[in-house]
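Input: a single structure, listed below in structure tokens.
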Amino acid sequence: SQQGEEDPQALSIQEGENATMNCSYKTSINNLQWYRQNSGRGLVHLILIRSNEREKHSGRLRVTLDTSKKSSSLLITASRAADTASYFCATDASTGGFKTIFGAGTRLFVKA
Amino acid sequence: EPEVTQTPSHQVTQMGQEVILRCVPISNHLYFYWYRQILGQKVEFLVSFYNNEISEKSEIFDDQFSVERPDGSNFTLKIRSTKLEDSAMYFCASSEGVAGNTGELFFGEGSRLTVL
């Protein structure tokens, strides 16, 4: 399976701290994406990093990709209570077809 | 801002009944998807749809499931004979698709299906 697997499964931090979530996957990819899901809601796209990119920033988000290790990390800096959500990595296979596969997710809880 | 809309937001049905979940993808998107999420669990890929045909489907998407784009705007998921284990949140998504890759997926808010 090319499915991403995130760790940790759950993370609890204080407001203002940084949160780091990791994702590992198994097969070659075209790109890797991170999504956020508030409880009971739809997923919202955060950032996409292509297989030929190593790092990408968007506001307080920083994503890295290491294709040699088949891993990615999402860093949220200066976290806020509103960042409390589940975060999923998703991989898009490089073997054709249209199939974005999601990992199991990290539940982030930011305490005010 | 364009969005993916899904109806109904919640449907309760008896085991063995047929269910149709409806989605209106973003109008200029070419790729459409259904995912499901059992409460508190991972988001599972069901099927992708492009150019009026299924592009990929998972092992979950068996003969009980079908998808259709009946009128150029709606995208539907039909479950022919629901089982208890079909109870889940079903998400529709669409994407523009860039250079043959799916790119960013835009999700609807989901349809919660409860099978009794």
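Only the coordinates and a few stated rules stand behind these numbers; no lab work does. Remember, predicted model here, so these are calculated numbers, not experimental data. Note that each Cβ is placed from the backbone with ideal geometry, even for glycine, and that neighbours are counted across all protein chains shown.
Before moving on, here are some points about what is shown:
- Filter result (away from chain A (no Cβ under 14 Å), closer than 23 Å to A:I101 by Cβ and of a type in the set (V, I, T)) within segment B:77-116: B:I79
- Subset of segment A:10-47 [within 22 Å of B:Q37 (Cα to Cα), within 10 Å of chain B (Cβ to nearest Cβ) and either in contact with a strand residue (DSSP E or B) (Cβ under 7 Å, 6 or more places away or on another chain) or hydrophobic (A, V, I, L, M, F, W, C) (or both)]: A:Q33, A:Y35, A:Q37, A:G42, A:L43, A:V44, A:H45, A:L46, A:I47
- As a summary of the residue check, A:I47 satisfies the conditions (1) under 12 Å from the mean Cα position of the chain (by Cα); (2) part of a loop (DSSP other than H, G, I, E, B) except for the one numbered (2).
- Residue within segment A:21-29 that is within 30 Å of B:V47 (Cβ to Cβ), aromatic (F, W, Y) and either touching a residue at least 40 places away in the same chain (Cβ under 8 Å) or surrounded by 17 or more Cβ atoms within 10 Å (Cβ to Cβ) (or both) present: yes
- Selection status of B:F32, touching a residue at least 60 places away in the same chain (Cβ under 8 Å), surrounded by 19 or more Cβ atoms within 10 Å (Cβ to Cβ) and part of a strand (DSSP E or B): yes
- Filtering segment B:25-68 to residues that are at the interface with chain A (Cβ under 9 Å from one of its Cβ atoms), closer than 15 Å to B:Y90 by Cβ and of a type in the set (S, T, Y) leaves B:Y33, B:Y35, B:S48, B:S58.
- Meets criteria (more than 22 Å from B:F32 (Cβ to Cβ) and in a loop (DSSP other than H, G, I, E, B)) for A:T64: no
- For B:G72: the one exception among (1) of a type outside the set (A, V, I, L, M); (2) in contact with a Ser or Thr (Cβ under 8 Å, 6 or more places away or on another chain); (3) more than 12 Å from chain A (Cβ to nearest Cβ): (2)
- Filter result (in contact (Cβ under 8 Å) with a residue 40 or more places away in the chain and in contact with a Lys or Arg (Cβ under 8 Å, 6 or more places away or on another chain)) within segment B:47-76: B:S48, B:N74, B:F75, B:T76
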